[in-house]
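Data first, discussion second: the structure below is written as structure tokens.
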Amino acid sequence: MVEKVSKYINQVELDELYREINNHPHQLLGMHKVEEGQLFITFRINASEVVIIDKKTNREYPMLPYENKGLYVVLNEGNEIKSYEIRTRYMDNTTVTVADPYSFDSLIGDLDTHLFSHGTHYEIYKKLGAHVMTVNGVKGTYFAVWAPNARKVSVVGDFNCWDGRLHPMRMLETSGIHELFIPGVEVGAVYKYQIRTRDDVIVYKSDPYANSSELRPKNASIVADLTSYSWEDKEWERKKYKKDRTSLRQEPMSIYEMHLGSWRKHNDNTEDGFYNYRELAVEVAEYVADMGYTHVELMGIAEHPFDGSWGYQVTGYYAPTRRYGKPEDFMFFVDYLHRKGIGVILDWVPAHFPKDDFGLSRFDGQPLYEYPNPKMGEHKEWGTYVFNYSKKEVSNFLLANALFWLKEFHIDGLRVDAVASMLYLDYGRNAGDWIPNKNGGKENLDAVEFFRHMNSVVQEKLPWAMMIAEESTSWQGVTAPASMNGLGFLYKWNMGWMNDFLEYMKLDPYFRQFNHRMLTFSLMYAYSENFIQVLSHDEVVHGKGSMIQKMPGEYDDKFSNLRVAYGFMYAHPGKKLLFMGQEFAQWQEWSEARSLDWGILGYERHAQMQQYVKSLNHLYKKYNALYANDCETNGFEWLDNMHPELSLVAFVRRGTTQKNHLLCVCNFTPVDRQNYEIGVPAPGTYTQIFNSDASEFGGKGNGVITSAKAVKREYNNQPYKIKLEVPGLSFMMFTFTE
């Protein structure tokens, strides 16, 4: 028989199979209709017996070795076999019966490859990666990976002894996609792609589209099934899908920025002490809801190898980190928080990726995901590669990833990290180390187009999604719609305010009078973008000190300063974000390696600070003057900002009705001001609703009054005025009707 079938075997393809360079194995292996009937060809290593089994009749067809190098053949000249399995007995006497991987057609069509090559396959993650499915009645996993420069790609894993000879993949024409359906591979299987490069070097890569990964330091991908989770947040989703860009800006948003691995840790004598996503869900939801926050923002969820990167050097863009559990556990986390009324925002990193050998770097032996020229494709300061946004398949990888988290994990928004590093070709580079764009400028036009495309698609498909830019420069139109030549984000972190304000607060109160502009300048540009006022993790690490450490003065003075700082932040136009631990004035800087210092709440001032932030949050949500007009100029008016020698400011926040407008007064010196006169816009009673100097917050109890009556007398260009006792280092708020 061997001689009879040899005429049907392409010797070139067979030699390539033996040499492990065959990237079209289906042309050789599997079932082939020939003149005599059906020819079955398979490749088995260390087999003592190989048999074809007709699934309909259970008839067996022993296969014969061909050239004694692992190839087995059998010619069926009888009734047609429509469905078959291969039973293999190995030298160790184990037996495996499984359907033939090379008997299945491709599951990626011409439309898929066309859209992917044009950067518009918005659900490419449902095609590439590893997907558990049933094909022609056979259960298994479909693998597909983009590696256009590879000479050959094989799937290797715990199901084939990591032997790259056993499951070579088929390359689909000119798309660069390699694919293979492997019967019998189930959820939980561990795998990688073995890639033979054009330089004949073998590398082992994790799956860029994998939905799960091993816990570091291991780094293989794990087959997962995201469709098995049953969501229970239908009411949250129903309300969310009614929202859009306009309505979102009119809602309250107080964000608790979190790093899950260090929020709390188990004292269980393990190296990490990590809580599981499910444990975290219950504790985080209870704490955040009680504190009055509306959202959490999570650092470091996408899989990453190095804890010290905080999750900003990603290797698994489509996989929640294994540190805290499986993908379905993270789904539960989001689901549970939604059911408790808390939104979930993820930090997302499309700017760069690490150079780890198993990751995206030089994925198929060539610069694939990164720009090939290091003057564009490398951040030397960070030791990372830069995504090649000009390559459609790469921009598709990233754009689809954003949609993936928003749709498949019900995430409410993405905070895009390091936007400035993407926008500027000279970011972090010295003169001569970067390449100008085609117009001779320093703007990365590829990245600009990527942002506009991504945000336009998100706006069209998911108008409720909050796309937030961490952009540290004065780039114009970050939050302007893409249709107006903006980048299309909904919000931008107000990092200019953060830097100025923190520098101001660190000053001894005496010197603040000489730096008054650092306090007030943010209102000059407050409506140039849709801002979020942030006091983020970046400000409490690397020697910068915690928020309470930044404050000047003796022990109690520090707390008084921090209370007025938080009060000003909450009253300032813009949504709010505060990093975990700063709500109770953690003394230590944050470290990803240790838990927050929850024990410090046993000290009165820290417990009072926690209560203060809690009260601010609930106050913020109660009065829409603090959020409804964040993006409208009528939402804010200075009343008193021209007395730098006093370091005292007063202003109005206006809501959607004439009632419950707010007068806010901030005193940034420790000097009490008796009978302090403030010009106000309306007559009537100004009722105090908040005072940071209240004793319950650790203050001295000064300035606590029921109300103040406005008198008809022009003052500071206002038609009325009131007199107040303004305690030193205090923030006060009054309601009035206009």
Show the residue pairs meeting these rules: Cβ distance below 6 Å; 6+ apart or different chains; first residue within region 177-189 and under 15 Å from A224 (Cβ atoms); second residue of a type outside the set (S, T, Y) and not in a strand (DSSP E or B).
V185/F159; V187/V223; V187/D225; A189/F159; A189/V223
Odd one out for E378, checked against (1) under 29 Å from G188 (Cα atoms); (2) out of contact with any helix residue (DSSP H, G or I) (no Cβ under 9 Å at 6 or more places or on another chain):
(1)
Those residues of region 128-147 which are in contact with a Phe, Trp or Tyr (Cβ under 8 Å, 6 or more places away or on another chain), more than 19 Å from K192 (Cβ to Cβ) and part of a loop (DSSP other than H, G, I, E, B), in sequence order
N136
Every residue in region 366-422 that is assigned to a helix (DSSP H, G or I) and aromatic (F, W, Y), please.
F397, F404, W405
Step by step: first the residues of region 93-119, then only those that are among the β-branched types (V, I, T) and surrounded by 16 or more Cβ atoms within 10 Å (Cβ to Cβ), then the one that is farthest from V138 (Cα to Cα). Which residue is that?
T113
Only strands (runs of 3 or more DSSP E) wholly contained in region 253-339 count here; list those with 1 or more residues that are over 23 Å from A351 (Cα atoms).
254-259, 295-299
What about K55, is it within 30 Å of A224 (Cα to Cα), more than 46 Å from the chain's Cα centre (by Cα) and open to solvent by 30 Å² or more (accessible area, probe 1.4 Å)?
yes
Having 3 or more residues that are more than 30 Å from C631 (Cβ to Cβ) is the bar; report the helices (runs of 4 or more DSSP H) wholly within region 515-610 that clear it.
555-571
What's the number of the only condition in (1) closer than 29 Å to Q194 by Cα; (2) crowded, with 21+ Cβ neighbours inside 10 Å; (3) among the aromatic types (F, W, Y) that W382 fails to meet?
(2)
Which condition does F731 not pass, out of (1) over 22 Å from L626 (Cβ atoms); (2) in contact with a strand residue (DSSP E or B) (Cβ under 6 Å, 6 or more places away or on another chain); (3) open to solvent by less than 50 Å² (accessible area, probe 1.4 Å), if it passes all the others?
(1)
Of all residues in region 26-37, how many are in contact with a strand residue (DSSP E or B) (Cβ under 9 Å, 6 or more places away or on another chain), open to solvent by 10 Å² or more (accessible area, probe 1.4 Å) and at negative phi?
7
If we keep just the residues of region 627-651 that are open to solvent by 60 Å² or more (accessible area, probe 1.4 Å) and more than 39 Å from the chain's Cα centre (by Cα), which is nearest to R563 (Cα to Cα)?
E645
From T657, T706, T669, T685, which residue is within 30 Å of P552 (Cβ to Cβ) and either open to solvent by 20 Å² or more (accessible area, probe 1.4 Å) or β-branched (V, I, T) (or both)?
T669
So E237 ticks every box in (1) in a loop (DSSP other than H, G, I, E, B); (2) surrounded by fewer than 20 Cβ atoms within 10 Å (Cβ to Cβ) but one. Which box is left unticked?
(1)
Which residues, taken from region 652-680, are outside any loop (DSSP other than H, G, I, E, B) and under 13 Å from V564 (Cβ atoms)?
C664, V665, C666, N667
Taking region 614-630, which residues are of a type in the set (S, T, N, Q), closer than 20 Å to T687 by Cα and in contact with a strand residue (DSSP E or B) (Cβ under 9 Å, 6 or more places away or on another chain)?
S615, N617
Restricting to region 192-202, give me the number of residues that are of a type outside the set (K, R) and open to solvent by 40 Å² or more (accessible area, probe 1.4 Å).
4
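The values are calculated or read from the model by the stated rules, or taken from the named source; none is laboratory data. This one's a predicted model, so the numbers in the text were calculated from it and none came from an experiment. In this analysis, Cβ positions are derived from the backbone assuming ideal geometry, glycine residues included, and neighbour counts consider all displayed protein chains. Areas reflect the complete protein model, heavy atoms only, side chains present, ligands, DNA and RNA absent. Shrake-Rupley method; radii C 1.70, N 1.55, O 1.52, S 1.80 Å.
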